[in-house]
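Here's the structure we're looking at; comments come further down.
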Amino acid sequence: MEYVLLSNTNCMVSRTALSIDSLENYPLEDGVALMRKAYDGGVNFYHSSSQHKEILGYAFHGMRKEVFISIESLASDSLTLQQEIIATLDSLNSSYIDVFSVQNNNFVPKKDSTDGLYTALLAAKADENVKSIGFSTKKFDLAKEALESKLYDVIFLETSIKSLDVKETINFIKNCKNNDIGLVINYEIPVSEELEFPLVFGFLRKSENLIPMWKIKNQEDLQQVLYFESNPPEFTDKDLEEIEKKQDSN
């Protein structure tokens, strides 16, 4: 497993990150075993919504400094966000969260927003309950707005091959690097449901300042991710054209 610096966080993270949100109906004991297997495979970057974080707390009890944990919230007001941060710290049995991000597909919370979300994130960071703050969205325009605002340490863009604009994505990756903003592309389709997984894996792994995050549903998904991490597909101009064709057909 290779490790890179996630811009603006001063943390070394695995080139592959895992989202556990597709494990919501997975037995807790099996989910814990799956996370430990991922860790043994070199993965140290894990992501969860604030509703599905318990697996991480159990899996990495006593190992908090060994893993990088990202939590995402759908909170629409500052009080709810503050409550979710407190609940997350309790679930993780930890005094801090590496990245806490607010997920929004309608607007980018700013300093003077009446919802108070950004102010609450800053307060949590000042209290050191949160090390870095992030913004998560499915909307490319909002991701670009968040980047331009320079208010967030990490941007999470949730996408799939159907919505992946290759040229815009390549340009966005470069702009994040130039502005020292961490970028994570959260691939919304679970590995087992993505027929073009090797193609997408090769594309998203090309840039060292981009961390691809894969949703996994079971042990087979994890094995596939770890296999391609150890044996990265060679990504050629022909492969790039193939992705662009798939984009044009949607």
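The values are calculated or read from the model by the stated rules, or taken from the named source; none is laboratory data. If you're wondering where the values come from, they're calculated on a predicted model, not measured in any experiment. When we count neighbours, we look across all protein chains shown, and the Cβ atoms used for this are built from the backbone with ideal geometry, even at glycine. Surface areas here come from the heavy atoms of the whole protein model, side chains and all, with no ligands, DNA or RNA. Shrake-Rupley method; radii C 1.70, N 1.55, O 1.52, S 1.80 Å.
The simple spin-label model puts a point 7 Å past each Cα toward its Cβ; for residue 234 and residue 77 those points are separated by 5.8 nm. Taking every C-alpha pair closer than 8 Å and separated by at least 6 residues, the mean separation divided by the residue count of region 71-223 gives a relative contact order of 17 percent. At full extension, residue 54 and residue 10 could sit 13.3 nm farther apart than now, given 0.36 nm per residue minus the alpha carbon distance. Can you compute the modelled spin-label distance between residue 122 and residue 163, with each label point 7 Å from Cα toward Cβ, in nm? Inter-label distance under the simple model: 2.9 nm.
On the protein heavy atoms, probe 1.4 angstrom, tell me the percent of accessible surface of region 22-92 carried by carbon and sulfur.
Working: 1640 of 3320 Å².
Its accessible area is 49 percent carbon and sulfur atoms.
The order of the peptides 165-173, 142-150, 12-20 by mean Cβ neighbours within 10 Å, most packed first, is 12-20, 142-150, 165-173. Could you tell me how far the Cα centroid of region 183-212 sits from the Cα centroid of region 144-179, in Å? Comparing the Cα centres of region 144-179 and region 183-212, I get a distance of 14 Å.
For the chain, the C-alpha radius of gyration sits at 0.96 times the compact-globule guess of 2.2 N^0.38 Å, with N the residue count.
From the Cα gyration tensor of region 1-133, with a ≥ b ≥ c the square roots of its eigenvalues, which class applies: rounded if a/c is under 1.5, or else prolate if a/b is larger than b/c, or else oblate? It comes out prolate by the Cα gyration axes. Amide H to amide H distances under 5 Å link residue 130 with 97, 125, where only residues 5 or more positions off or on other chains count and H is placed in the peptide plane.
Hey, how many Å between the Cα centroid of region 83-123 and the Cα centroid of region 22-61? About 21 Å separates the Cα centre of region 83-123 from the one of region 22-61. For region 53-61, the Karplus equation 6.51 cos²θ - 1.76 cosθ + 1.60, evaluated at θ = phi - 60°, returns couplings of 8, 4, 4, 5, x, 6, 5, 10, 4 Hz by residue, with Gly and Pro reported as x. Determine the shape class of region 67-183: with a ≥ b ≥ c the square roots of the Cα gyration tensor eigenvalues, call it rounded for a/c under 1.5, and otherwise prolate if a/b is greater than b/c, oblate otherwise. Prolate shape, in that a/c is at least 1.5 and a/b is the bigger ratio. Given axes a ≥ b ≥ c from the Cα gyration tensor, I'd like to know whether region 176-228 is rounded (a/c under 1.5), prolate (a/b larger than b/c) or oblate. In terms of gyration-tensor shape, prolate. Straight-distance candidates among the lysines for linking to residue 162, with alpha-carbon spacing under 17 Å and chain neighbours fewer than 8 residues away dropped: 138, 139, 215, 245, 246. Taken along the Cα-to-beta-carbon direction at a fixed 7 Å, the label points for residue 178 and residue 25 span 4.6 nm. Helix check for the chain. Which DSSP H runs span at least 20 Å along their own axis by Cα, with a mean Kyte-Doolittle hydropathy no less than -0.5? Flagged H segments are 78-92.
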